[in-house]
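The values are calculated or read from the model by the stated rules, or taken from the named source; none is laboratory data. Here the structure is a predicted model, which means the values were calculated and not measured. We place every Cβ from the backbone using ideal geometry, glycine too, and count neighbours over all the protein chains shown. Heads up: the accessible areas ignore ligands, DNA and RNA and are worked out on the full protein's heavy atoms, side chains in. Shrake-Rupley method; radii C 1.70, N 1.55, O 1.52, S 1.80 Å.
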Amino acid sequence: MWKLQREQDIDGEQPVGPVQVIHLDTILCGAHLLPCYGSGFLPVELKHTDSLDAWDCYFVNHFIDQHAHELLS
């Protein structure tokens, strides 16, 4: 699996605001991201809408379907 991490600027901090604009015509398919969990428990107040901001790195699951496996392999 591939591991994704957030983009950082020269000072090692995360940039504020959108970095790039991607046209919808250039998106081929969706991605299945699995968070890189730590050793502790998830907080009870964590909502699904906060999941992209809650973790610093993710694994890309290329076994989600045949098309993703062929594209990412």
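Remarks
- Residue within the stretch 14-34 that is under 10 Å from the mean Cα position of the chain (by Cα) and modelled with pLDDT of 85 or more present: yes
- Close Cβ contacts (under 7 Å, 6 or more residues apart or on different chains) running from residues in the stretch 1-13 that are closer than 22 Å to LEU71 by Cα and of a type outside the set (Gly, Ala, Ser) to residues that are open to solvent by 100 Å² or more (accessible area, probe 1.4 Å) and at pLDDT 70 or above comprise GLN5/ASP56.
- All conditions in (1) modelled with pLDDT under 85; (2) of a type in the set (S, T, N, Q); (3) open to solvent by 70 Å² or more (accessible area, probe 1.4 Å) hold for THR49, with the sole exception of (1).
- Of all residues in the stretch 35-73, those that are assigned to a loop (DSSP other than H, G, I, E, B), within 14 Å of the chain's Cα centre (by Cα) and without any contact (Cβ under 8 Å) to a residue 40 or more places away in the chain total 3.
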